Amino acid sequence: MIAELTGKLARKDPEEIVVDVHGVGYRLLVPLSTYLALPEAGEEIHLLVHTLVREDALELFGFASDMERRLFCLLRSVQKIGSRLAIAALSGLPPEVLVAAIQMGDAARLATVPGIGRKTAERLVLELKDRVAHVAAGGRTKVVATARLEDDARSALTNLGYRPQVVEQALAAVRDDGAPARLEDWIRKGLAALARA
């Protein structure tokens, strides 16, 4: 089993990358969260790896953090959640937000991920709510607090008269830029994103 890879980033695309390790190119499927953390092609990288061996294929999945890899494995343990859908979930929501949504029973948030419908989202909550805490590796309080700040900001911006869909896009931009630690910063950055929209 391949557990980690260190080498030169030979090629990168949003869904897959190639890592050159002493002249051998390893193709890895990666979530968007990992892709966004990658350096430019040609630079040295280190990734955690999950190896999936099937009768007809050997697939490698690369992750920038242990939390991503552990969450990927946990998602795959749910019935009807395969590797591709687990990667899609990690690409659709940042790992911290994904963990918080499951912990808080927010099936509606999970259902915003392409490929995850309402029933699948409810199954994720049902099967993982009590098991997902260890994935945060001691950061549960921070994860839940961040999700609550975002929810409070969502409520505030919606109450100001902005449409929920537009607010969701603005908050996604704020989240991608690095989730703030204070509610006023969420609202201020959210308003700035709404002004640019």
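The values are calculated or read from the model by the stated rules, or taken from the named source; none is laboratory data. Computed from a predicted structure; not experimentally measured. Virtual Cβ from ideal backbone geometry, glycine too; neighbours counted across all protein chains shown.
A few notes on this one:
- Breaking point among (1) touching a strand residue (DSSP E or B) at 6+ places or on another chain (Cβ under 8 Å); (2) surrounded by 13 or more Cβ atoms within 10 Å (Cβ to Cβ), for GLU43: (2)
- Sole exception among (1) touching a Leu at 6+ places or on another chain (Cβ under 7 Å); (2) of a type outside the set (Phe, Trp, Tyr); (3) surrounded by fewer than 18 Cβ atoms within 10 Å (Cβ to Cβ); (4) in a helix (DSSP H, G or I) for GLU59, by number: (4)
- Qualifying residue in the range 3-25 (condition: surrounded by fewer than 16 Cβ atoms within 10 Å (Cβ to Cβ), hydroxyl-bearing (Ser, Thr, Tyr) and more than 20 Å from the chain's Cα centre (by Cα)): yes
- Residues in the range 156-175 that are in contact (Cβ under 8 Å) with a residue 12 or more places away in the chain and either among the charged types (D, E, K, R) or out of contact with any helix residue (DSSP H, G or I) (no Cβ under 9 Å at 6 or more places or on another chain) (or both): GLU168, ARG175.
- Condition met for LYS119 (modelled with pLDDT of 85 or more, in a helix (DSSP H, G or I), charged (D, E, K, R) and surrounded by fewer than 16 Cβ atoms within 10 Å (Cβ to Cβ)): yes
- Flag if ARG131 is among the charged types (D, E, K, R) and in contact (Cβ under 8 Å) with a residue 40 or more places away in the chain: yes
- Flag for LYS189 being closer than 21 Å to LEU74 by Cα, modelled with pLDDT of 85 or more and surrounded by 12 or more Cβ atoms within 10 Å (Cβ to Cβ): no
- Residue list for the range 172-197, restricted to those being under 19 Å from the mean Cα position of the chain (by Cα) and either outside the structural domain of LEU160 (by TED's automatic domain parsing) or among the basic types (Lys, Arg) (or both): ARG175
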